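First the structure, in the form of structure tokens, and then the observations on it.
All of the numbers you see were taken from the coordinates with simple rules; none came from a lab. The structure displayed is predicted, hence computed values, not measured ones. Glycine gets a Cβ as well: all are built from the backbone with ideal geometry, and neighbour counts include every protein chain shown.
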Amino acid sequence: MSTATGAFPPGDTSLNAGRRERELAALAGGERLDLIVVGGGVTGAGAALDAASRGLRVALVEAHDLAFGTSRWSSKLVHGGLRYLAHGDLPVAWESAVERDILMRRTAPHLIRALPMVTPLTPQVSRPTAALVHAGLHVGDALRRAAGTPRAVLPTPRRLTAVETLGIAPALRETGLRGGLVYWDGQLVDDARLVVALARSAAGFGARILTRLAVRHVEGRTRPGGGGFEVTVRDGVGGGEFTLRARAVVNATGVWAPTLAPAVRLRPSRGTHLVVRCDALARGGALSVPMPGELDRFALVLPQGDGRVYVGLTDVPVDQVTDVPEPAEEEITQLVDVVSTVLAAPLDRADVLGAFAGLRPLLDGGAAAGGRTADLSRRHLVHTGPDGLVTVVGGKLTTYRRMAADAVDAALAVTGLLAGPCRTRQVGLVGAAPRAALADVAAPRRLVERYGTEAPRVLALGDDDPDLLAPIATGLSVTGAELLFAVRHEGALDAADLLDRRTRIGLVASERRAALAAATRLFDRAMTA
């Protein structure tokens with residue numbers, strides 16, 4: 001049985017504009033910190049939680065919003081690292097299996113569900129290729145067992161008949177289908193919600209979570225007996241620049257890491273996903289479709305439980321890092337074409353409601369730099385510069401906790417700060433509870449999957465105003481109560497935060513336009529209450 005165990009944040013986990021103002025004023029007034037974490041993605045929020053739960057005085061600073069960058073553009077999978085086995089990278093696959101177990105059974109069972117994924121055995125998949133994939137699934141299952149994840153959480157992979165395959169994935173083309181291979185992995189209800197939960201949990205241990213605070217300059221100062229850092233920041237809300245002081249700094253800015261640590265060499269790649277509305281796909285399990293001519297790359301079809309389906313993903317090297325990457329039309333076409341080869345009713349370009357792309361902070365492969373970014377290792381790197389600046393890059397969303405722990409350990413080593421060992425294996429995030437307890441939470445399942453044990457608090461916002469429990473626009477499931485909760489407790493500072501990160505309405509441009517007026521009105525209402 002899956003259980004959330006161990007410590008929970010002992011203090012107030014609510015993030016809002018008032019708390020930000022108070023804590024920023026204290027730091028601007030000269031309050032000294034043990035650690036500043038730069039970057040509000042999954043690794044930065046994880047590092048803030050790790051350090052704060054060890055008793056350190058911590059601030060996280062982020063130029064935009066929580067999960068603004070790569071962390072909100074993932075496939076929303078908490079996976080056991082199957083594709084790394086194809087590259088022979090057993091350590092990364094093992095690390096992924098261990099971290100998946102921690103997330104699914106201890107720290108965030110409310111945000112993750114088990115997802116069946118089917119590889120259809122079509123005429124395009126040769127029998128030797130099918131045998132190789134089947135063997136890989138069983139190696140992955142051995143890692144699942146070694147990590148301690150019970151079959152009740154993630155069942156054993158198996159071969160399916162054609163009839164069984166169509167039962168799980170009814171959208172598949174029946175002609176030529178000789179069966180399928182099914183395995184189970186973890187699926188996040190939303191990657192951005194994981195980041196928000198991490199940041200709020202860190203705040204519950206006393207961390208200052210400061211979004212809209214852009215770092216302009218980091219200066220390390222070395223002196224006998226210890227050093228320190230001065231970090232110049234600009235306030236994107238109130239304006240003005242000031243200096244923060246801390247014993248250590250962790251640079252967790254992902255693809256932007258070389259801006260603060262030029263010695264760190266990255267080869268970013270773009271991963272594109274499509275947002276599709278297709279009833280046949282939405283009703284079935286996920287699909288893993290081999291890319292033509294490749295053994296270790298698959299197109300994924302991922303039902304989201306709200307009528308939407310994500311189709312991804314590409315791996316394209318990029319030369320320029322931008323805040324919000326744009327998918328290329330050829331990537332959209334490639335994904336539509338590959339997935340359509342296995343469907344009874346092929347996708348059309350008109351079926352694509354939206355598309356999104358993220359940049360992977362891949363480590364430069366050195367001698368392998370001329371190869372494909374798809375072949376670069378997904379291992380992470382913790383680099384300590386001559387001035388003591390610790391930079392953490394690479395890795396995967398699934399392994400954020402390990403990356404964060406390694407970064408904090410490095411910061412402690414370079415500064416001599418005293419702190420206990422990492423505790424985050426046992427720290428349940430806000431809303432976490434054993435799966436059996438989550439089933440008894442008195443709230444709609446959709447809310448429990450997003451808020452866990454906090455779902456009744458969201459519902460309670462409608463006690464005085466029942467209209468808050470209605471969807472904010474036709475065709476959407478998000479309610480006004482969810483937006484109000486995001487402003488009061490989840491650190492949303494404008495309507496864009498509400499539409500693009502606290503919810504994912506913004507993934508479809510037409511739905512974002514339909515919801516914008518309501519989101520603006522509710523934000524203004526929350527700020528004036």
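Principal axis extents of the C-alpha atoms in the range 59-167 (largest first, rounded to whole Å): 54, 31, 30. If the viscosity is 1.567 mPa s and the temperature 4 °C, what Stokes-Einstein diffusion coefficient in µm²/s follows for the range 146-230 when Rh is the Kirkwood radius over Cα pairs? D = 68 µm²/s. Shape index of the range 248-342: Rg/Rh, with Rg the Cα radius of gyration and Rh the Kirkwood radius from the inverse mean 1/r over Cα pairs, equals 1.08. Every Cα-Cα pair of the range 391-529 was included, and the share exceeding 19 Å stands at 62 percent. Between helix 127-146 and the chain there is an angle of about 40 degrees, using the helix long axis and the longest principal axis of the Cα atoms. Candidates PRO128, THR156, LEU77 compared by Cα position along the dipole of the chain: farthest toward the positive end lies THR156, with charges placed on Cβ.
Shown here are the Rg and Dmax of the Cα trace of the range 487-529, at 9.9, 30 Å. Tilt of helix 329-340 relative to the longest C-alpha principal axis of the chain, in degrees (0 to 90, nearest 10)? Between helix and principal axis, roughly 40 degrees. Taking only the C-alpha atoms of the range 141-283, Rg followed by Dmax gives 24.3, 74 Å. Taken as Cα centroids, the range 243-322 and the range 75-121 sit 15 Å apart, rounded to the nearest whole angstrom.
From the gyration tensor of the Cα coordinates in the range 75-126, what semi-axes in whole Å does the equivalent ellipsoid have, largest first, with each one equal to sqrt(5λ)?
Rounded to whole Å, the semi-axes are 24, 17, 6.
Taking all Cα pairs closer than 8 Å and separated by 6 or more residues, the relative contact order of the chain comes to 22 percent. Exposure proxy for PHE8, PHE205: other Cβ atoms within 10 Å of each Cβ, ordered fewest to most, give PHE8, PHE205.
About its Cα centre, the range 205-286 has a charge dipole of approximately 160 debye under the convention of +1 per Lys or Arg Cβ and -1 per Asp or Glu Cβ, with nothing else charged. Across the chain, the convex hull enclosing all Cα atoms gives 142 Å³ per residue. Quick check: the angle from helix 400-415's long axis to the longest principal axis of the chain, C-alpha only, nearest 10 degrees? With rounding to tens, the tilt is 30 degrees. Local charge for LEU77 was computed over the other residues whose Cβ lies under 10 Å away, with Lys and Arg +1 and Asp and Glu -1, and equals +1.
Order of THR322, THR398, THR528 from fewest to most other C-beta atoms within 10 Å? Could you put the intermediate results ahead of the total?
Details: THR322 11, THR398 27, THR528 6.
By the 10 Å Cβ count, ascending: THR528, THR322, THR398.
Summed over all non-identical Cα pairs, the Kirkwood treatment of the range 1-141 gives a radius of 18.7 Å.
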